[in-house]
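Report on the structure given below.
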Amino acid sequence: MNQPTQSLLVDQSVIDRLAALPAANIGDAMQRLGIASADIQAVWEGAKISGPAYTVWVAPGDNAGIHEALKHVQPGQVIVVNGGGYTDRALLGELIGERAISKGVAGFAVDGAIRDAVDLGEINLPVFARATSPAGPYKNGPFEVNGTIAFGGVAVSPGDIVVGDSDGLVIIPAERAEDIATAAEAVNLDESQRRAAILADRNISLS
C-alpha cells in the first residue's frame, strides 16, 4: 500500500457545474481526451455519477484494496478502481455498496467486474464497471490506494473529477476542472442553440 498523497481540491461549485453537463459535452470540451473505455458502463439503467476520485489499484479479482479505501474515503468521493480489466471475479456487490452508502460515497467506477447490479440499483448507488460476474473476489492483496492509476485507458489522480452517465465515463484533471467546466458549458449551449434551430426549421417545413 502506498502512502496517501495530497489531492488537489476542486471547489464544490465547479463539481456541481460538471455534474449538470452530459459526459459527451465534457469529452468534446477536452478534445475527446479523458474518456474511459466504452466497455465501462453503468451497471443499472439511469445511473449518473460525479465527484472527486479516491483511487485504488488492486490485483486482478482481489478487493482487499477496496475494503482499505472504505476506511479512508470521504463523503462525496467516487472510488475509482483499477482492477486490470479482469472480469472473471466481481470486486464488489451489494454489501460493499451498503457500506459505501453509509460512508457517503458518491459511487464506484471499476475497471473490472461487479455483481448484484439490480440490488445496487435498488439502493441507488451509482456503479460503473466493465462487466458483471457472480463469482466473488479474493481478499489477499496486494493493493495501492490514493495514488495515480490507469483506468480504462485514462490516467486518474486523487481528486480528479469523475462524471458518468448513460454514455460512459469521463475523467477531468483537477487542475483544469474549472476551465473544462466553462468550455463544456459553451459546448452544451452551442448544441442547444443548434437543436433549437433544427426544430424551428422542421416546424417551418411542416407548416
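Taken over the stretch 106-123, the residue count meeting the criterion of being among the β-branched types (Val, Ile, Thr), open to solvent by 10 Å² or more (accessible area, probe 1.4 Å) and either touching a residue at least 40 places away in the same chain (Cβ under 8 Å) or touching a Ser or Thr at 6+ places or on another chain (Cβ under 6 Å) (or both) is 1. Is it fair to say ARG176 is at pLDDT below 95, surrounded by fewer than 21 Cβ atoms within 10 Å (Cβ to Cβ), out of contact with any Lys or Arg (no Cβ under 8 Å at 6 or more places or on another chain) and basic (Lys, Arg)? No: the conditions fail for ARG176. In this structure, LEU206 does not qualify as at pLDDT 95 or above and surrounded by fewer than 13 Cβ atoms within 10 Å (Cβ to Cβ). One residue stands out in the stretch 124-133 among those that are open to solvent by less than 40 Å² (accessible area, probe 1.4 Å) and under 15 Å from the mean Cα position of the chain (by Cα): the one that is nearest to ASN82 (Cα to Cα), namely ALA129.
Taken together, the residues in the stretch 134-149 that are aliphatic (A, V, I, L, M) and open to solvent by 60 Å² or more (accessible area, probe 1.4 Å) amount to 0. Applying the criterion of at least 1 residues that are surrounded by fewer than 16 Cβ atoms within 10 Å (Cβ to Cβ) and out of contact with any strand residue (DSSP E or B) (no Cβ under 6 Å at 6 or more places or on another chain) to the helices (runs of 4 or more DSSP H) found wholly in the stretch 1-102 leaves 12-19, 64-72, 94-102. In this structure, is VAL14 under 18 Å from VAL154 (Cβ atoms), among the β-branched types (Val, Ile, Thr) and in contact with an Asp or Glu (Cβ under 8 Å, 6 or more places away or on another chain)? For VAL14, the condition - under 18 Å from VAL154 (Cβ atoms), among the β-branched types (Val, Ile, Thr) and in contact with an Asp or Glu (Cβ under 8 Å, 6 or more places away or on another chain) - is not met. Would you confirm, using the coordinates I've provided, whether ALA117 is at pLDDT 95 or above and under 17 Å from ALA19 (Cβ atoms)? Considered against the rule, which asks whether it is at pLDDT 95 or above and under 17 Å from ALA19 (Cβ atoms), ALA117 comes out as no.
Yes/no per residue for (1) within 13 Å of the chain's Cα centre (by Cα); (2) aliphatic (A, V, I, L, M); (3) on the phi > 0 side of the Ramachandran plot:
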residue: SER37; (1), (2), (3): yes, no, no
residue: VAL43; (1), (2), (3): yes, yes, no
residue: SER50; (1), (2), (3): yes, no, no
residue: GLY61; (1), (2), (3): no, no, yes
residue: ILE66; (1), (2), (3): no, yes, no
residue: LEU70; (1), (2), (3): no, yes, no
residue: GLN74; (1), (2), (3): no, no, no
residue: GLN77; (1), (2), (3): yes, no, no
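The values are calculated or read from the model by the stated rules, or taken from the named source; none is laboratory data. On a predicted model such as this, the values are computed, not experimentally measured, just so you know. Here the Cβ is made from the backbone with ideal geometry for all residues, glycine too, and neighbour counts use every protein chain on show. Areas reflect the complete protein model, heavy atoms only, side chains present, ligands, DNA and RNA absent. Shrake-Rupley method; radii C 1.70, N 1.55, O 1.52, S 1.80 Å.
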